[in-house]
1. Between residue 240 and residue 6, what FRET efficiency comes out of the Förster formula 1/(1 + (r/R0)^6) with R0 = 30 Å and r the beta carbon distance, rounded to 0.05?
2. Return the distance in nm (one decimal) between the two label points of a simple spin-label model at residue 225 and residue 130, each offset 7 Å from Cα along Cα→Cβ.
3. How much area per residue is accessible in the chain when the probe is 1.4 Å and only protein heavy atoms are counted (Å²)?
4. Just flag the chymotrypsin sites (Phe, Trp or Tyr not before Pro) in the stretch 156-233 sitting in loop per DSSP whose Cβ has no more than 11 other Cβ atoms within 10 Å.
5. Compute, for the stretch 86-227, the length of the dipole vector about the Cα centre, with Cβ point charges of +1 (Lys, Arg) and -1 (Asp, Glu) only. Units Debye, rounded to 20.
6. In nanometres, what is the gap between the two model label sites at residue 200 and residue 168, each 7 Å from Cα along Cα-to-Cβ?
7. For residue 12, what accessible surface area do you get with a 1.4 Å probe? Give it in Å², rounded to 10.
8. Run the accessible area of the stretch 82-212 with a 1.4 Å probe and give the carbon-and-sulfur part as a rounded percent.
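The values are calculated or read from the model by the stated rules, or taken from the named source; none is laboratory data. Values in this document were obtained by computation on a predicted structure and should not be read as measured data. With ideal geometry, Cβ positions are generated from the backbone for all residues, glycine too; neighbour counts draw on all protein chains shown. Note: accessible area is taken over every heavy atom of the protein model, side chains too, but ligands, DNA and RNA are not part of it. Shrake-Rupley method; radii C 1.70, N 1.55, O 1.52, S 1.80 Å.
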Amino acid sequence: MRTLLSDTALVFGRYARQTLRSKAAMTFGALMPALYLVLYGPLLTHMPLGGKGSSWQVLVPGLLLQLALFGASFAGMTLIIEKQHGIVDRMRVTPVSRLALLLGRALRDAALLTAQAVVIVLVAVAMGLRAPLPGVLLGLAFTAALALSLAALSYTLAMKAAAPSSFAPLVNTVTMPTMLLSGLLLPMSLAPGWLDALSHVMPLRYLVDAVRAAFTGHYADPALARGALAALILMAVSMTAGTRYFRRAGA
């Protein structure tokens, strides 16, 4: 008897094997955060960033969430290609749960992006990052949660998109302001008051603050609770929207 768990594992395994066969998919996504880390990070070493901890404890959390933001937001491109090749239509006639088709894909993306985040942390440690292990693990958990949520939303959007040419510009239009207003590269405490206030409408802002608090070992900081709540709400909204559309679309 098929269950949601077994169906999800089946879909996850299919796409995980596909990813493992593609070295580009495993390495290219981490390239942009790695370049920021190596070429941009040293510029901030002796600068007062207005946050708690060292410049690396401010920059690296932002880069981890940047990795999840861009990597997961563009995940739907692969689904559009599958639609064009009839793969999605063939999946419609299988008994696999429609929710599993979404979860399996999104979990693959979350696992891949978390693995890339681990590599970013290791490179950052070699460059001077010092952070408590529990805080790093919390940061990776937030990264995985964000990746899972955004991947689900990306696949939902991809089901409605006719071609990559219409999908990519829309994703870029959303992700760029999100990155700038969430304080991924620099704390929003450095921004003018009006810009700092505007940034609070971005759920990602709360995750950024939470991961930075974790990397400095401030586990009682209210930012961690706010970040966890924002992550849970984002995950609930994305999964609910994605599941409803996948079932309605029969994908």
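1. Working: r = 22 Å, r/R0 = 0.74.
For R0 = 30 Å, the calculated efficiency reads 0.85.
2. 3.0 nm
3. On the way: 11860 Å² over 251 residues.
Averaged over the residues of the chain, the accessible area is 47 Å².
4. Numbers: sites: 167, 194, 206, 215, 219; in loops: 219.
Nothing satisfies the criteria.
5. Numbers: 10 positive and 5 negative charges, 84 e Å.
Using Cβ point charges on Lys, Arg, Asp and Glu, the stretch 86-227 gives about 400 debye.
6. The two pseudo-label positions are separated by 3.8 nm.
7. Near enough 70 Å² of accessible area.
8. Numbers: 4110 of 5580 Å².
Solvent-exposed carbon and sulfur of the stretch 82-212 make up 74 percent of the total.
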